[in-house]
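Student: There's a structure below that I have some questions on.
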Amino acid sequence: MAAIGNNYAKRHEAPSRKDINKAWSNQRRKAIQQSQNIRSQFSSTIFTTSVLVSQRQTATAIQGGGYSTMASAMARVNILV
């Protein structure tokens, strides 16, 4: 909002609609960019967490913690890869 309120020479003039629209479009653009950054970080975190959980489940299964045979544990590995 550089054109609004920061110009000493025009401090008594009301800002034009063009200046207001330009300032708000800049604010909207920044907000959209921030939300996209947050969304991408969130998606990345969720994906990483789900991969780690799947790997942990597979490792536990191979060690005998839930599957009855080694073949069923390896079938789980093939699905994840």
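Student: How high is the FRET efficiency from residue 56 to residue 30, r the C-beta distance, R0 25 Å, rounded to 0.05?
Tutor: Working: r = 39 Å, r/R0 = 1.56.
FRET efficiency, residue 56 to residue 30: 0.05.
Student: Now for a different question. Any idea how far apart residue 22 and residue 39 come out in nm if each label point goes 7 Å out from Cα toward Cβ?
Tutor: So the two model labels end up 2.9 nm from each other.
Since every read-out is calculated from the coordinates, none of them should be taken as a lab result. Everything numeric in this text was worked out from a predicted model, so none of it was measured. With ideal geometry, Cβ positions are generated from the backbone for all residues, glycine too; neighbour counts draw on all protein chains shown.
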